Every structure is written in structure tokens, then in C-alpha cells.
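Readers should treat all values here as calculations from the given coordinates under stated rules, not as data from a laboratory. Because the structure is predicted, anything quoted here is derived from the model rather than measured. For neighbour counting, all protein chains shown are included, and Cβ atoms are generated from backbone atoms with ideal geometry for every residue, glycine included.
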Amino acid sequence: MFDVSTFPPTQLGPVLLSLLALVYITRYTIIRKRQDIEGLPGPSRKDATWLWGHELLAFENCTTDMYTRWAATFGTFFKIKGAFFHRDIIIATDHAAVQHIFQYSDDYVKEIGMREIAGTNVGRGIVWAEGYEHAKQRRLLAPAFSPEAIKGMTDDITESSEKLESRLTNLVLAHDGGVTVNVADHTSTCTLDIIGRIAFGHDFRSGQSAEAKEIRALWERQVNASNTPKAFVGALLLRTFPILTSLPLPVMKEARRTREIVFGLAMRLLKRGYFSDKGRDILSILMRSGSEDGVKEKLSAKEILDNITTFLLVGHETTAVSLSFTLWELSRHPEIQQKLREEIRQFGRDFNYDNIQQLEYLDAVVKEGLRLHPASPITERVALKDDVIPLNKPIRTSDGQTVSSISVKAGQAGLFLLLHHLPRS
């Protein structure tokens, strides 16, 4: 349970209290007048606190649990009370609403505070970028993710996967065939190896290199710290005062250190001229595409390195989480595991990229794992202009009307949940 007493005013300091007072005055007297979602259903105000709103309830539960329960009660489009006097926040699991947000992504952007955190953690790559900058980076990154480029990564992925298989096999044999394994440690090492190799041709040596150990240690501390009450308060403060990301706070220092390790590795390779005309890693592909004759627009060296950092720091852990949960589900459903083994075995041990495309049941298992356990199930967006969000499923407002769309004002924040299952009542 979150204990507000762990943050007495003497610790928060008079500056913080003054800032909170300023936020309250500004938001209550100005922003609330612009509220345009008063009629939306949602949890009772009695369940919220004056300072933390309903956001504390969401924090105290695992990932999307609270949102899923609310959705089962209030439908696929509702509101909750925001913390720190933030205007009410839309919570949407409605497929049409989520599709609308992504389709008009220039009109719905990340909150400034969250964007600054992304910039601090992984650099100003595609995760940080918005609008024209995002479209430009996505377009110029495309050559590195073409079908031909992905096919060229097969050998690196296969070799890293075989090392994982060997480690797990040896672990089981060392315990006479019976041992409980925390597979998350092994999948994280494997995906770090894979992305290190395909991103910029670097071998993290199955997690044993000095850089790999430091990256994983820093990342683990950041993940553990993100689940603490201080992190909850910190995220709310950063949302309200984005400038705080530039302060020398311990959590920001660790995030910068993680980015610096990967950025520094890629920079050293770049300075040595490591990339080649035949290199199949992302760094080599991007450097080649940017140096071709007649190229009018290209990514700068820093933009390339920021994206390499993004792929490694964001990609390796999210992939590891998805893989771990999929393996966990397979352990719970031995009949599915057996059917999957039979499909894979029909190609023997030397199957290639083209064979993998024929494994329809494997494809279904992977998609089901992602559906049940998405690595990043929530995205937060803010409307840049007044808009009307369509709904797939009509909802009933507090005044008894049934509506199939919702009007929102510029500045309205929303959490859009990629729930790939129907909330159960």
C-alpha cells in the first residue's frame, strides 16, 4: 500500500509545495473550464483522493489490471480523476478510438514530460520523435527493416538462439533433468546478444561482457525503481514539470548512463569505420543508404546512433518480456507445446528463414503470446486540437444519452490501452 506519510512536507520542501499550489490554481480555474468529457462514465469520485485522483489505484495494481476492471464496469471509453489536479483522463480500450489516435498521430502526441523521459533514456530517436520528425526518421530507417534486410539478420539470430538453447540444456543436465529456471534472465541475455549483433555488429558475449553486465544491472535497477512509490510521485511531477528531467536526479543519472554505454559503443565503431559495404547490421545499412549518390535527405550520425541506442535499450527487454511470457504460457499448456514441437521438427535442425515463414502454428503461438501479454500495453497521448473520437461500441453518458463518438478539447490527455482481450464483467 502506498503511504503518503513517506513524503512529509519537510522532505518535499517549500518549493515543491509552492509548485503544487500553482498547479492547483492554474488547472482548477482555467483548465477545468475547458473540460469537455463531463458526461463520460467512470469510477466514483469517492474512490479517488484529492491529491492522487484515481491514478494511485491504478499504480497499486499490476499493469492494466485496474483499467481492465474499470472497463468491465464502465465500458470501453471512460474517465478517471487525474493526480496533482490534472484534468480528468480518458481511458480508452475501444478499438475504433485507439485506431483513430494512431491514424491521426500528428494530432495526438506524447505528453511533454513522457517525451523528455524518452529523450533522456534512449535519445532522440524514433520513440522520442513526433510529427514531421517522426515521419522523416521512420522513412529513412525503412531500408534497415526491409524484408531483405531482416532475412540477412537470420544467421545472427540463429546463432544467439542456439547459444541460449545450449545454456538451458546444460543447466537442466547439470541438475539430473529436473530444475526450475527463471527463464527471464536467459531470454534477456539472448535478446541483448541478438540486438547487439543486428544493430551494430557488437558481440555482448552472452551477457558476459563488461558492457552487457553494466547495461543489465542499470536496467534492472531502473525497472525495480519504477515500481516504487517514489517513482509514482516522480512520474507525476515530471508530467507536470518536464524541466525536472534535466536535473541531476539519481534516476535520471542512471538512465543517462545506460544510454551513454550503448551510444559510446556505437560511436567508437562509427569512428573506426567499422561499417562496411557488405555489413548486414542496421548501423552499416543506414550508413550505406545515407552515403549513396543523389540522396537528398538523410539521418545525421547522431540520429542514427540515437536510434541504434533506442533499438537496443527498448527492443531487447520488451522482446525478452514477450518471449518469457510466451514460454510461460507454453509451460502451462503442454498440448500446445507438443503441437508446436511437431511442426518445428518437420524441418529438422537446419531450417532457414524461408522455412520459418511456413511455420503457421508457430506464427499463431507468437501472436497469441503478444495478444495476451503485450510488452507495452498502454500509450499516453494528448490532443493538440479539438477533435471528435469515434467509438466502435456506443456508450451511455451520465445524462442518459447513448453516443457513438466523443468530443475532446485541445490539451485533453488519454491513456489508450492495447487490450487484446475483452474485459470480463
Practice task
Could you give log10 I(q)/I(0) at q = 0.13 Å⁻¹ for the chain, computed by the Debye formula over C-alpha point scatterers of equal weight, without solvent?
Solution key: -1.33
Handout entry: Sorted by Cβ neighbour density within 10 Å, fewest at the top, the residues Phe145, Phe204, Phe325
Key = Phe145, Phe325, Phe204
Completion exercise
P(r) of the range 174-279 over all Cα-Cα pairs, 10 Å bins starting at 0, rounded to whole percent, reads 12, 33, 27, 20, 7, 1
Exercise for the section: Can you put Glu211, Glu133 in order of Cβ neighbours within 10 angstrom, beginning with the fewest? Expected result: Glu133, Glu211
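Rounded, prolate or oblate: pick one for the range 139-332, where a ≥ b ≥ c are the square roots of the eigenvalues of its C-alpha gyration tensor, a/c under 1.5 means rounded, and failing that, prolate if a/b is larger than b/c, else oblate.
Numbers: a/c = 2.05, a/b = 1.11, b/c = 1.85.
Oblate shape, in that a/c is at least 1.5 and b/c is the bigger or equal ratio.
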Practice task
Return the whole-Å distance between the Cα centroid of the range 325-372 and the Cα centroid of the range 31-94.
Solution key: 38
Handout entry: Largest to smallest principal axis extent of the C-alpha atoms in the range 78-156, angstrom
Key = 51, 31, 26
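Tyr361: net charge of surrounding residues, Cβ under 9 Å, Lys/Arg +1, Asp/Glu -1, itself excluded? All intermediate terms of the calculation are to be shown ahead of the outcome.
Working: positive: Lys339; negative: Glu342, Glu343, Glu360, Asp363.
Surrounding charge for Tyr361 is -3.
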Fill in the blank from the handout: Magnitude of the Cβ-charge dipole (Lys and Arg +1, Asp and Glu -1) of the chain about the Cα centre, nearest 20 debye, reported as 1200
Practice task
Show that you can apply the helix-only estimate: for the chain, add -39,500 (n - 2.57) for every DSSP H stretch of four or more residues, divide by all residues, and state [θ] at 222 nm to the nearest 500.
Solution key: -17500 deg cm²/dmol
Completion exercise
Tilt, helix 229-240 to longest principal axis of the chain (alpha-carbon atoms), in degrees rounded to tens, equals 70
Handout entry: Degrees separating the helix 210-225 axis from the principal Cα axis of the chain, which is the longest one
Key = 20
Fill in the blank from the handout: Amide H proximity to Gln412 below 5 Å, modelled H, separation 5+ or other chain, gives Ala383
Handout entry: Relative exposure of Trp70, Trp328, Trp219, Trp50, judged by other C-beta atoms within 10 Å (fewest first)
Key = Trp50, Trp328, Trp219, Trp70
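Under unit Cβ charges (Lys, Arg +1; Asp, Glu -1), what dipole magnitude, rounded to 20 debye, does the range 291-425 have relative to its Cα centre? Don't skip to the end; give the middle numbers.
Details: 16 positive and 19 negative charges, 116 e Å.
Dipole about the Cα centre, nearest 20: 560 debye.
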Handout entry: Anisotropy class of the range 115-166 from Cα gyration tensor, a/c 1.5 cut
Key = oblate
